[in-house]
Structure formats: C-alpha cells, structure tokens
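Right, one structure below, let's go through it.
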Amino acid sequence: MISFYPGPSRVYDAVPNYVRDAQRAGILSLNHRSAEFENISRTTVELMRKKLSVPADYTVVFTSSATECWEIIAQSLVASESIHLYNGAFGEKWLDYSRRIHPAARGISFERENPLDPELKFESGELIAITQNETSNGTQVAVSTIASIRDGNPRHLVAVDVTSSLAGISLDLRAADVWFASVQKCFGLPAGLAVIILSPRAVQRAKEINENLHFNSLNNLLQMMEKWQTPCTPNVLGIYLLMRSLKDRKSIRVVHNQTVRRAREWQRVLKKSTTLKPLIENESVRSFTVMAVRSTAPLDEIKKLAAKNGFLLGEGYGALKKETFRIANFPALLPREVEKLMKFMGRF
Ligand SMILES: *Cc1c(COP(=O)(O)O)cnc(C)c1O
C-alpha cells in the first residue's frame, strides 16, 4: 500500500538502511549528553542550512511535534496576545491551543478561496501566527504575503506553521521570525520529531519575555542548543534519520521544482476528470504539497477502489471530511507511484 496520506506519509526508501546503520553504530542507545550526540545534532543543523537554505544567523531547535511548537510559541514568545490568521482546521487548532495559555489570543479567519491580505496592520498584539500551508483544505499563503505582513507590522514577530511544506517547497526563511514543522510530512521521515527555526529577533524576544516555567521553555531549548543538546532525552534516532536523509537530499531548489511540476500535473489530471475537481478553485492559493479533491461520485467508492489498487488516500479533514479526500504531493513519493495514482484517478 502506497500512502498518499498528507501526514504521516510515505517515508524515504532509505530509512530502513539508516536505521540499520544507527543500530550498528550504537545510536539507538546513544547518551544525549555525549560528544557523539552533539556532533549529530550540530551536523543536522548544518545540513539544514545547506539543504533547506536556513540563514546563517537563524537558530534551530528540536522538539517532538508541531503541536508542541504551537505551545512553545504561545508560552515563550507571547506575553499576552497573539493574532492568528487562519482559513482552516490547523490554523484554528493553533489558535485554540494558544488561547488556553493566553485567553487574549485573537483569531481572524479568512475565506479559503481568498488570498490573505498582505496589507494587514495590527495596533495590538505581539505575534502574528500564519499557517503557510493549510493541510486540511489544500491552500497556501504566498511567502511574499508573509514578508509584506511582517514589513507592515515591525513590532510583531511573525510565526509560520510550515509543517506540510518545509522541505517540500522553497521558502525564503528571512520573510518571518519563527518557522516550524514536524518531519512526518515533506521530510519523508517517521513521526516524533519537529524543528523550530528562529530569527535573531525571535531569540531576543524569548530572552526579554524570560519565560522559564517549562522543560520546553524556549529559553531552555536555546540554552541547551548552545551545546547542541536538548533539555530532555530527545528522539535521538529521529535526529539521526533527519541528518542522514538531509545528507542524501537534493537542494531545496531542485525539490521545489519537482514539487511544483507534479502539482501542475495533478491539476491537469483533475481538469480532465468528469467527477473529480480541486476543492480550491483559485489557483493562486492552491497548495503545491497537499491536494484537496472534491468528487461528484460517492467518495467511499473511490477510496475503496483506490485501496484495492494499493493506494491509501488521505481522508478529508475536519469539516471537509465528508466532501473531500486529500492527496499528498510530498518529495518521498516516487515518480512511478505518482504516475500510477494519476492513471487510476484518470478513470473517474
Ligand atoms: C500535521 C500538522 C500539524 C500537527 O503536526 P504534529 O506533528 O502532529 O503535531 C500542525 N500543523 C499543520 C499545518 C499540519 O499539517
């Protein structure tokens, strides 16, 4: 069964080999205070700079999930009010989690067919939260829009959820202060690890707010990362797999072109179909990495038939569960697998 689920999703074929290497090299019981771990951690960050164009002055820290990143941002980078711009279930969930920590967290929703307004300006609040790629409905926000919102709100930090786009498309990380993603989507790795990428301004803000109540307080993570360590025993195998897979990865420019080419190919397939069409009609906001598909034929039948042919499709998410299914367009999916599914979809 080939998983086209938009997370957890297909992992790279090399993963079992990396795991075997890890077992042989003693990584599975490696002490996280050892020089060997520090070396893996440092190398992973260096490879993120090289392969994902993480700027030299941005800091990387490890966490366990994107959900944890939502909480860390609320607890450690916001004193009272964050502003959440969202058009789907993941952005809304981020707002919900933030509200539990700071009741003043404010949500501003926008239509999924409409581009986010790049001219938005806010009088109050300290941090603007944007979900760049909304996995639930297959929309994306242009990085130029994120950059413009940051320019228009110089007192605010801009934090961006790129869980289903980082490592799949090219992102100018200088356009915002905080970026985060877990690895079970575009990174093509097993779940249980996430990364936060922080601008010097975000690091400075964490120091000013000086929140130190939690094991995963950002200051604590940053301080430990100065020695390439983490506050608790981290997912050492996950970090090792990230290091190995980044080493074997092409640069994000190359990956980006492949992702966009495939996304266009999918649009052509859907255009030809009589029963299937993209949920998102406005091409300018359609995601490159997650396709939400609407069908006039009963969805259950298509999904069942797909399963019979060896394809696991993503269920619709949240309120869209009944009307849509989703197809991941992540880098680890092999060209022949994608072609096979396209051919199958061509029957509808
Ligand atoms: C999958 C996803 C999450 C949640 O990721 P976890 O690692 O399960 O916490 C958050 N945001 C977006 C946009 C996602 O796609």
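Only one of these is in contact (Cβ under 8 Å) with a residue 60 or more places away in the chain, out of contact with any Gly (no Cβ under 9 Å at 6 or more places or on another chain) and not basic (Lys, Arg): SER251, SER245. Name it. Give the derivation first.
On the way: SER245 fails: out of contact with any Gly (no Cβ under 9 Å at 6 or more places or on another chain).
The match here is SER251.
I'd like to check something: does segment 117-129 contain any residue that is part of a loop (DSSP other than H, G, I, E, B) and within 16 Å of the ligand (Cβ to nearest atom)? So that I can check it myself, show each step before the final result.
Within segment 117-129, the subset part of a loop (DSSP other than H, G, I, E, B) is 117-126.
Still in the list and also within 16 Å of the ligand (Cβ to nearest atom): none.
The answer is no, given that none of the residues of segment 117-129 is part of a loop (DSSP other than H, G, I, E, B) and within 16 Å of the ligand (Cβ to nearest atom).
When you look at VAL61, is it in contact with a strand residue (DSSP E or B) (Cβ under 7 Å, 6 or more places away or on another chain), crowded, with 20+ Cβ neighbours inside 10 Å, within 25 Å of ALA319 (Cβ to Cβ) and hydrophobic (A, V, I, L, M, F, W, C), yes or no? Let's see the steps before the verdict.
On the way: in contact with a strand residue (DSSP E or B) (Cβ under 7 Å, 6 or more places away or on another chain): yes; crowded, with 20+ Cβ neighbours inside 10 Å: yes; within 25 Å of ALA319 (Cβ to Cβ): no; hydrophobic (A, V, I, L, M, F, W, C): yes.
Judged against the criteria, VAL61 is not a match.
Quick check on segment 136-144. Is at least one of its residues away from the ligand (no atom under 16 Å from the Cβ) and of a type in the set (Val, Ile, Thr)?
no
Given the residues ARG268, ARG336, ARG253, ARG326, which is the only one that is within 24 Å of the chain's Cα centre (by Cα), modelled with pLDDT of 95 or more and assigned to a helix (DSSP H, G or I)? Spell out the reasoning first.
Numbers: ARG268 fails: within 24 Å of the chain's Cα centre (by Cα); ARG336 fails: within 24 Å of the chain's Cα centre (by Cα); ARG326 fails: assigned to a helix (DSSP H, G or I).
So the residue among ARG268, ARG336, ARG253, ARG326 that is within 24 Å of the chain's Cα centre (by Cα), modelled with pLDDT of 95 or more and assigned to a helix (DSSP H, G or I) is ARG253.
Could you please let me know if GLY318 is over 19 Å from the mean Cα position of the chain (by Cα) and surrounded by fewer than 20 Cβ atoms within 10 Å (Cβ to Cβ)? Quick ask: steps written out before the conclusion?
Numbers: over 19 Å from the mean Cα position of the chain (by Cα): no; surrounded by fewer than 20 Cβ atoms within 10 Å (Cβ to Cβ): yes.
Against the criterion (over 19 Å from the mean Cα position of the chain (by Cα) and surrounded by fewer than 20 Cβ atoms within 10 Å (Cβ to Cβ)), GLY318 does not qualify.
Sort out which residues of segment 76-94 are in a helix (DSSP H, G or I) and over 17 Å from VAL195 (Cα atoms), and write them in order of number. Before the answer, list the steps.
At the first step, the residues of segment 76-94 found to be in a helix (DSSP H, G or I) are 76-77, 89-94.
Within segment 76-94, ALA89, PHE90, GLY91, GLU92, LYS93 meet the criteria.
Quick grid of which residues meet (1) surrounded by 16 or more Cβ atoms within 10 Å (Cβ to Cβ); (2) within 11 Å of the ligand (Cβ to nearest atom); (3) farther than 30 Å from ARG264 by Cα:
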{"site": "LEU157", "(1), (2), (3)": "yes, no, yes"}
{"site": "SER165", "(1), (2), (3)": "yes, yes, no"}
{"site": "SER170", "(1), (2), (3)": "yes, no, no"}
{"site": "GLY188", "(1), (2), (3)": "yes, no, no"}
{"site": "ILE197", "(1), (2), (3)": "yes, no, no"}
{"site": "ASN210", "(1), (2), (3)": "no, no, yes"}
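Of the numbered conditions (1) surrounded by 14 or more Cβ atoms within 10 Å (Cβ to Cβ); (2) at pLDDT 95 or above; (3) over 25 Å from GLN140 (Cα atoms); (4) out of contact with any Pro (no Cβ under 8 Å at 6 or more places or on another chain), ALA263 fails exactly one; give the number of that condition.
Of everything listed in (1) surrounded by 14 or more Cβ atoms within 10 Å (Cβ to Cβ); (2) at pLDDT 95 or above; (3) over 25 Å from GLN140 (Cα atoms); (4) out of contact with any Pro (no Cβ under 8 Å at 6 or more places or on another chain), ALA263 misses just condition (3).
The values are calculated or read from the model by the stated rules, or taken from the named source; none is laboratory data. Model, not experiment: these values are computed from the prediction. Cβ sites come from the backbone with ideal geometry, for glycine too, and all protein chains shown count toward neighbours.
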